[in-house]
Amino acid sequence: MQQVTDTNRDMIIEEYARATLDGMDFDSLWEFALECLIEKKDLLTNDVLQEEIQDFHPEILEALY
């Protein structure tokens, strides 16, 4: 069995991710994508989050006011 090293780490992570995605049905993939996006956006400051929303989906902020 091959060991994970600094040299092959990125390749192994990508292969693992591809194998995981290949085994998902649409609903599981949708849930996974949603969770990833929420986690990523939660790391943004309020200002950066607002700017990103204004750039791509301003209707979200307009609906809140």
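Readers should treat all values here as calculations from the given coordinates under stated rules, not as data from a laboratory. Computed from a predicted structure; not experimentally measured. Every residue, glycine among them, receives a Cβ derived from its backbone with ideal geometry; neighbour counts consider all protein chains shown.
Of the helices (runs of 4 or more DSSP H) lying entirely inside the chain, those containing at least 1 residues that are surrounded by 10 or more Cβ atoms within 10 Å (Cβ to Cβ) and of a type in the set (S, T, N, Q) span 9-22, 26-42, 46-56.
Restricting 62, 39 to those that are farther than 30 Å from residue 1 by Cβ, acidic (Asp, Glu) and under 16 Å from the mean Cα position of the chain (by Cα) reduces the list to 39.
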